[in-house]
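Only one structure is covered here, and it is reproduced in the block below.
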Amino acid sequence: MIEIQNLTKRYDGNTVVDDVSLTVETGQIAALVGTSGSGKTTLLRMINRLVEPSAGRVLIDGQDTAAIAPYLLRRRIGYAIQGHGLFPHRTVAQNIATVPRLLNWPEAEIRARVDELLAMFQLDPTQFRDRMPHELSGGQQQRVGVARALAARPELLLMDEPFGALDPVIRAKAQEDLRALQRRLGTTLVIVTHDMEEAVALGDRIAVMDKGRLLQYAPPAEILTRPATPFVQELIGTGERPFRLLSLSRVADLVQPGEAPGAPISAEASLRDALADCLWTGRDRLPVDGGGVVTLAALRERAAGADIGSAARASAGSPAR
Amino acid sequence: MTDMPIPSARPASRPLSRPGLLFALIGVAGLALPLVQFKANRIVLGEGVLLGAAIGPLGWGAMALLALALIAGISGRLPMTLRLALGAGGVVAVLLALGAAARFLTPEGNTMARVAPAAGFWLLLLAFALMATDALSRLRLTLARRWLLLAAAIVVIGGVLWSGWLDGVSVMREYEARKDLFWREAGRHLVLAFGSLGGALLVGLPIGTGIYLLPRLRRAVLGVLNILQTIPSLALFGIMIPIFGWIAANLPGAAELGIAGIGIFPALVALFLYSLLPVVSNTLVGLRGVPAAARDAAYGLGMTEGQVLRGVLFPLALPVILTAVRIVLVQNIGLAVIAGLIGGGGFGTFVFQGLNQTAMDLVLLGALPTIALALVAGIALDLLVETLEPARTERTDA
């Protein structure tokens with residue numbers, strides 16, 4: 001659990017982060033969203049003390065981070081950034097082994113861990129171990145960057161626009177993989193993004209920041225249905241709101257008894273996909289794989305923000321699309 | 001895709017090689033000018049002798065062969081490897097011709113007469129050397145092959161010198177007369193060039209790193225070094241003579257440490273001061289060129305300041321720092337000649353002795369090894385930089 005308490009950062013009288021407090025529960029994903037200059041990156045960098053706070057403190061599992069030497073603190077916290085930040089003069093394996101080396105793991109254990117991580121990120125170890133970063137595609141570089149951040153099994157992972165340099169197709173896949181991985185490892189994750197779509201797709205809770213202040217910190221459904229300020233509403237984008245809401249839940253959540261003709265839809269698909277299917281095929285009810293139907297009326301109701309508990313997002317086991 | 005013929009930009013398809021034409025003109029001028037000067041003794045002006053007349057009965061044949069090689073170079077269809085071979089072969093041939101001329105022209109038993117290389121020799125050497133280097137740069141050989149070629153060039157030219165074939169040439173006669181002195185001054189020259197470089201690295205790397213970490217100091221430090229760099233070298237030597245002379249005379253123990261107004265000490269200090277700016281500024285530029293993301297990640301993953309410097313910043317800045325080493329080494333090998341003026345030793349000793357005696361051969365004995373040393377150091381470090389370069393290039397596309 002990370003507790004951020006009254007964290008403030010000033011540069012020459014300029015307040016970049018202004019008295020922000022929030023708590024991220026163990027195993028949850030918090031997405032920090034805001035425009036550039038909102039202070040979200042500074043807030044993230046104060047957690048691993050790449051930036052020293054002017055006031056306030058950060059507790060990790062109850063321990064004040066100010067009491068730990070910064071480099072020792074950072075070895076316990078995974079860190080992945082936009083443009084991956086791989087060391088161009090080191091091989092993929094050496095890059096991934098950075099933190100285990102700093103922690104003096106035995107060589108055999110490091111080697112095994114590197115191969116395990118490469119396999120986890122769908123990179124064949126024999127093929128990729130000895131490559132240099134510039135010999136990888138953008139998506140592969142990004143995956144190696146995340147693998148490096150996870151190498152020493154940190155309980156907390158910080159990510160700063162990790163998918164910023166990826167094209168949309170690879171990006172969606174990377175988000176999906178990250179979500180699945182995080183669920184599997186139980187890592188607590190704080191991710192900075194300027195993209196509300198990404199925040200909704202990944203975050204258990206979303207922290208919206210503007211001009212250094214935290215405007216709202218809530219589950220995605222709540223952010224979408226009850227934006228705290230006009231700025232939050234603007235960031236969501238009114239045109240996108242119903243679709244983002246639907247993307248939060250799976251068909252399984254809205255299935256009713258009944259029967260319908262035509263091609264069935266998977267229970268794992270998102271409600272957004274179900275709506276798209278209804279509109280495209282001109283049906284007002286779709287049969288669901290494994291029995292039951294999902295109706296256009298129910299989808300419309302859900303898209304208008306009805307019947308959404310804050311638990312809805314958390315119960316969705318797979319990443320929304 | 002249509003099968004459009006792609007217009008070729010390769011010069012090989014041209015019937016005429018423009019650089020080849022230039023080299024041929026230089027070479028033909030060289031053939032038309034005297035290859036050597038025959039002098040009754042080492043000081044008087046001599047008379048020029050053309051290649052054709054300088055090496056005996058084969059002379060005119062050799063001249064025709066060299067002319068043929070130069071003319072062949074004009075053709076744009078000549079393969080680059082052949083061009084390289086012609087150039088390299090030409091250089092060796094011109095050297096051998098010089099030795100042959102010395103043997104042929106010097107009367108038996110005459111130790112006073114001198115056969116010195118003249119304009120024709122230098123132009124021919126230049127023409128063939130240009131032909132070879134031009135071909136070399138167009139061949140885009142692998143690094144390993146270029147290292148090999150450098151080694152081969154040293155071995156071949158060294159071999160020609162060691163074989164004794166050139167012993168009759170004026171410069172080698174001067175060498176023969178002061179063999180021991182030559183090697184002592186050669187050692188001294190290397191001490192001057194490498195010693196000042198070593199000192200500059202020892203002091204300049206920490207300064208460069210310091211101003212990288214503390215940007216506020218940059219302007220002041222670089223400003224001072226810039227001013228140092230603009231002081232003319234002779235003036236700097238001049239300033240140092242009284243300063244160090246005074247220190248040596250008045251500070252107890254200073255003279256025992258080797259501090260003196262003249263000699264190798266002030267020369268080393270001057271070369272060291274000239275080396276500081278390139279080392280410091282290239283260290284700064286190299287460190288600043290390290291991708292910000294890599295540096296950020298290094299700190300973010302928990303490296304200490306020292307680990308970031310040693311493990312990430314320095315390895316990535318190394319090619320740029322080596323460029324500074326190249327600049328400094330080549331610069332100091334040349335500048336060290338001036339040390340000869342203040343008793344600092346080195347090849348400059350021969351240059352200034354020769355100038356005093358108006359013995360150009362003695363001047364050459366100092367100048368030629370200096371040039372050779374600078375060339376070899378420059379090429380070797382260029383290759384070294386390139387060897388380390390690939391690690392730095394990072395793909396920016398997604």
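Bear in mind that the values in this text are calculations on the coordinates, not laboratory data. This is a predicted model, so every value here is computed, not measured. We place every Cβ from the backbone using ideal geometry, glycine too, and count neighbours over all the protein chains shown.
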Completion exercise
Using the Cα gyration tensor of the range B:179-397, the equivalent ellipsoid's semi-axes, largest first and to the nearest Å, work out to 37, 22, 13
Exercise for the section: Rank these for me by crowding, B:THR230, B:THR81, A:THR23, A:THR193, going from fewest to most other beta carbons within 10 Å. Expected result: B:THR230, B:THR81, A:THR23, A:THR193
Fill in the blank from the handout: Listed residues A:SER247, A:SER270, A:SER137; largest mean-square fluctuation, Gaussian network over chain A with Cα springs below 10 Å, found at A:SER137
Practice task
May I ask for the distance between the Cα centers of the range A:26-104 and the range B:303-365, given as a whole number of Å?
Solution key: 45 Å
Fill in the blank from the handout: Listed with the fewest Cβ neighbours within 10 Å leading, B:PHE347, B:PHE38, A:PHE243 appear as A:PHE243, B:PHE38, B:PHE347
Practice task
Report, by chain and number, residues whose modeled amide H sits under 5 Å from the one on A:GLN216, excluding near sequence neighbours (fewer than 5 apart, same chain).
Solution key: A:VAL208
Completion exercise
With A:PRO100 itself left out, Lys, Arg at +1 and Asp, Glu at -1 over residues whose Cβ is under 12 Å from its Cβ give +3
Practice task
State, in angstrom, two size descriptors of the protein assembly as shown derived from its alpha carbons: Rg to one decimal place and Dmax to the nearest whole number.
Solution key: 37.3, 123
Handout entry: the range B:9-176: Cα Rg divided by the 2.2 N^0.38 Å rule of thumb
Key = 1.11
Problem - Other-chain or far-sequence residues with amide H under 5 Å of A:VAL288's (modelled H) - result: A:ILE265, A:VAL293, A:VAL294
Practice task
Would you kindly calculate the translational diffusion coefficient of chain B, applying Stokes-Einstein with the Kirkwood radius from alpha carbon pairs, for 10 °C and a viscosity of 1.306 mPa s, and quote it in µm² s⁻¹ without decimals?
Solution key: 65 µm²/s
Exercise for the section: Give the Kirkwood hydrodynamic radius (Å, one decimal) of the range A:159-277, defined as one over the mean of 1/r across all pairs of different Cα atoms. Expected result: 15.9 Å
Handout entry: Per-residue HN-Hα couplings for the range B:127-134 [Karplus 6.51, -1.76, 1.60; θ = phi - 60°; Hz; x = Gly/Pro]
Key = 4, 6, 5, 5, 4, 5, 5, 4
Problem - All-pairs alpha carbon distance profile, the range A:65-202, 5 Å steps from 0, percent - result: 2, 10, 21, 24, 22, 13, 7, 2, 0
Completion exercise
Residues other than A:ASP124 with Cβ under 11 Å of its Cβ, Lys/Arg counted +1 and Asp/Glu -1, net out at +1
Handout entry: DSSP bridge orientation in chain A - percent antiparallel, rounded to nearest 5
Key = 55 percent
Completion exercise
Footprinting proxy, A:VAL17, B:VAL49, B:VAL92: sorted fewest to most Cβ within 10 Å, the residues are B:VAL92, B:VAL49, A:VAL17
Handout entry: Under the Karplus curve 6.51 cos²θ - 1.76 cosθ + 1.60, θ = phi - 60°, whole-Hz ³J(HN,Hα) for the range B:218-234, x wherever Gly or Pro sits
Key = 3, 4, 5, 4, 5, x, 4, 5, 5, 5, 3, 5, 8, 5, x, 4, 4
Handout entry: Bins of 20 Å, starting at 0 and running to the largest distance - Cα pair percent for chain A
Key = 30, 53, 17, 0
Problem - Under the Karplus curve 6.51 cos²θ - 1.76 cosθ + 1.60, θ = phi - 60°, whole-Hz ³J(HN,Hα) for the range B:45-58, x wherever Gly or Pro sits - result: 6, x, 10, x, 10, 6, 3, x, 9, 8, 10, x, x, 7
Completion exercise
Whole-number value, in Å³ per residue, for the convex hull of the alpha carbons of the range B:286-348 is 94 Å³
Completion exercise
Computed from every Cα-Cα pair in the range A:17-60, P(r) in 5 Å bins starting at 0 and rounded to whole percents is 5, 20, 31, 29, 13, 3
Problem - Within-11-Å neighbourhood charge of B:ALA336 [Cβ basis; K, R +1; D, E -1] - result: 0
Practice task
List every residue whose amide H lies under 5 Å from the amide H of A:ILE81, counting only residues 5 or more places away in sequence or on a different chain, with H placed 1.01 Å from N in the peptide plane.
Solution key: A:ASP160
Exercise for the section: Report, for the protein assembly as shown, the % of DSSP beta bridges that are antiparallel, rounded to 5. Expected result: 60 percent
